[in-house]
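Notes to accompany the following structure.
The values are calculated or read from the model by the stated rules, or taken from the named source; none is laboratory data. If you're wondering where the values come from, they're calculated on a predicted model, not measured in any experiment. Cβ sites come from the backbone with ideal geometry, for glycine too, and all protein chains shown count toward neighbours.
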Amino acid sequence: MSPTPPLVPYPQRITPVAAPLRLEGRPRIGVSSVDLLELGEVVAGLLALLHDVKPTVQVADEADLLLVLDHGNRGFEGLVMPGGLDPLDQEAETRECYELAIGERSATVTASSSEGLFRGATTFAQLLTRQEPGLVAPGVRVLDGPALRWRGLSLDVVRRFFPVDQVKKVVDLLALYKFNVLHLHLTDSQAWRLQISGRPELTDPRNWPGDEGSRNGEGRQFYTHDDFREIVAYAAARFVTVVPEIDMPGHTQAAVRAYPELAGADEPAHPLLRHLDPRAEATYGFVADVLGEVAALTPGPFLHIGGDEAFGMPPELYAQFVARSLELARATGKRVVAWQEAARSLALQPEDVAQCWVGEGDAFDPEAARKSAPAEYHPLIDIVAGSFEHSSRDTPQAVAAGAYVLASPSSVFYLDRRYAEESTRADQNERRTRVGMASYTPRTCEELFGWRPSELAEIPAGARLAGVEAAIWCESVTSFDDLAFLLLPRLPGIAEKAWTPQATEWAHYRDRVGAHGPWWDRLGWEGYYRSAVLFGPPYSSSKA
Ligand code: ACM
């Protein structure tokens, strides 16, 4: 088996067993029962997208690619079993495990669930390469399963709106890399992106301070219930669970402009620091209605209630708000995720998830902020600095409460960080000075690969790690190409850390992911960053 197959994430075990499989014409996908036909069609769609083929799908026990459900779990005993929290809130340890056997005549994926079959099919898809007149896959046996159960991406659809078709492209990318959570950051100060019954002002762009910058063409700039259901269903068919976030009580300028009664009677510490006031009569009715509706729209078991950066809010009011919102969210029947600051409420419980995001080395720097911000923002800077003074205590406090910790420290998970290494393209080197947050120190792809989930500086020893989530914030994103530019090639590296239990070397990973450019083109992600380290000489010969 040579050269190394370009698999990302790398599987737990892969061994050469036979001569390669050659496919010509229309590959036949066979599934072991009628209820797997839909899965077969999804796999056919993936192969069509990546490899420009038109597979057929039928119930069969002979085919080019067989997907066989086998509840026996045979062969998985030697695998590392996953740790963390299942985004489907189920127990089954081996649900995502699979065996893929590729022989000269056919390939077979065997798993105990349709999810395991899909994970195996994505490995098969990554093993196929074009060799005219057809496709070829190496003869290998792969035995595989994830290191961590929760492997997500948080997508900011507020600072930049992504219509349903673009969100589906994000899901395709997540599925290719075996991610299983799409966290949608649906509301913020700049806009409110989800229809809420009886509260039409929320989604009226005239109430959105950030309307111009965050628009994406003409037309509706929010998701209707049907849009949201379409995203959830598309993601579910690819075994990606949607976790919707309603960010409160800060980051709520749009909501407060829409319904000023939510802000209470007090003057805010600064006009830009409006928040939902727990003393206002309207507030908890609003929170209960919104969370109830979002829960009803969401088949997944988790709701995210935000809780970050409620700058300027008195700590006791913040704690009161979060404690009550946690209760209201739990009352919908869902489990709750909140950003790390929610630990300050002292109301987190062991069933809850605190999402750690403040990265070491990314501490808010008031001096730098004063230098770069216009004078009218200076009164804000001290307020913000005061809030960050508590951040190093948040995650330990969540751990003390027994809550799960979801790792997203900005140090390695925030993909809105700028690139430190050059692009092979002049236009991208110009774009590199515009796209990404200016306040973060740029880092290389290699630096961002240098971590292990169990050794993150921001996660205290003894934490119940739920898993990991990358995050992409879109303040500097003005197009889908900008999104591609920031996500790729870095996102697959996070997939590998989350999925692959054994440590993999940067040089090995670099050579594998460096072969994925043509797939990204075919999936509609042509804007990806041509990092000179991955795509430049001496690696450029086969990787334009
Ligand atoms: C965050 O980055 N404010 C969660």
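Looking across region 503-531, just one residue is surrounded by fewer than 19 Cβ atoms within 10 Å (Cβ to Cβ) and among the β-branched types (V, I, T), and that is T504. Only one entry in A233, A255 is away from the ligand (no atom under 16 Å from the Cβ) and touching a residue at least 12 places away in the same chain (Cβ under 8 Å), namely A255.
Restricting region 276-297 to residues that are free of Cβ contacts under 8 Å to residues at least 40 places away in the same chain and in a loop (DSSP other than H, G, I, E, B) leaves a set whose member that is farthest from the ligand (Cβ to nearest atom) is E281.
The number of residues in region 253-309 that are closer than 20 Å to T241 by Cβ and among the acidic types (D, E) comes to 1. When restricted to residues that are out of contact with any Asp or Glu (no Cβ under 6 Å at 6 or more places or on another chain) and surrounded by 15 or more Cβ atoms within 10 Å (Cβ to Cβ), region 49-59 contains 6.
Looking across region 452-482, just one residue is closer than 17 Å to R431 by Cα, of a type in the set (G, A, S) and within 16 Å of the ligand (Cβ to nearest atom), and that is S476. Would you pick out the residues in region 431-470 that are of a type in the set (A, V, I, L, M) and either modelled with pLDDT under 95 or under 28 Å from P396 (Cα atoms) (or both)? Hits for region 431-470 are M437, A438, L448, L456, A457, I459, A461, A463, L465, A466, V468, A470. Applying a threshold of 7 Å to beta carbon distances and a minimum spacing of six or more residues, or different chains, the list of pairs starting in region 434-447 at a residue that is small (G, A, S) and ending at one that is at pLDDT 95 or above reads G436/D416; G436/R417; G436/R418; G436/S476; G436/L486.
Residues of region 424-446 that are surrounded by fewer than 22 Cβ atoms within 10 Å (Cβ to Cβ) and either of a type in the set (G, A, S) or within 12 Å of the ligand (Cβ to nearest atom) (or both): A426, M437, A438, S439, Y440.
Selection within region 414-433: residues that are touching a residue at least 40 places away in the same chain (Cβ under 8 Å) and out of contact with any Phe, Trp or Tyr (no Cβ under 8 Å at 6 or more places or on another chain). The member of this set that is farthest from D362 (Cα to Cα) is R425. Only one of the numbered conditions (1) in contact with a Leu (Cβ under 7 Å, 6 or more places away or on another chain); (2) surrounded by fewer than 21 Cβ atoms within 10 Å (Cβ to Cβ); (3) among the small types (G, A, S) is violated by A368, and that is (1).
Each row is one residue, and each column tells you yes or no for (1) touching a strand residue (DSSP E or B) at 6+ places or on another chain (Cβ under 7 Å); (2) in a helix (DSSP H, G or I).
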| position | (1), (2) |
| --- | --- |
| Q166 | no, yes |
| V171 | yes, yes |
| L174 | yes, yes |
| E201 | no, yes |
| G213 | no, yes |
| E218 | no, no |
| V243 | yes, no |
| G250 | no, no |
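Among the candidates A463, A426, A495, the residue that is aliphatic (A, V, I, L, M) and either out of contact with any strand residue (DSSP E or B) (no Cβ under 8 Å at 6 or more places or on another chain) or closer than 30 Å to G217 by Cα (or both) is uniquely A426. Looking at region 1-97, the strands (runs of 3 or more DSSP E) lying wholly inside it that each contain 2 or more residues that are without any contact (Cβ under 8 Å) to a residue 40 or more places away in the chain sit at 28-31, 56-59. Selection of first residues in region 151-177 that are farther than 18 Å from P492 by Cα and of second residues that are in a strand (DSSP E or B), restricted to Cβ pairs under 7 Å at least 6 apart or on distinct chains, gives the following pairs, ordered by first then second residue: D156/H185; D156/I472; V157/L184; V157/H185; V158/H185; V158/T187.
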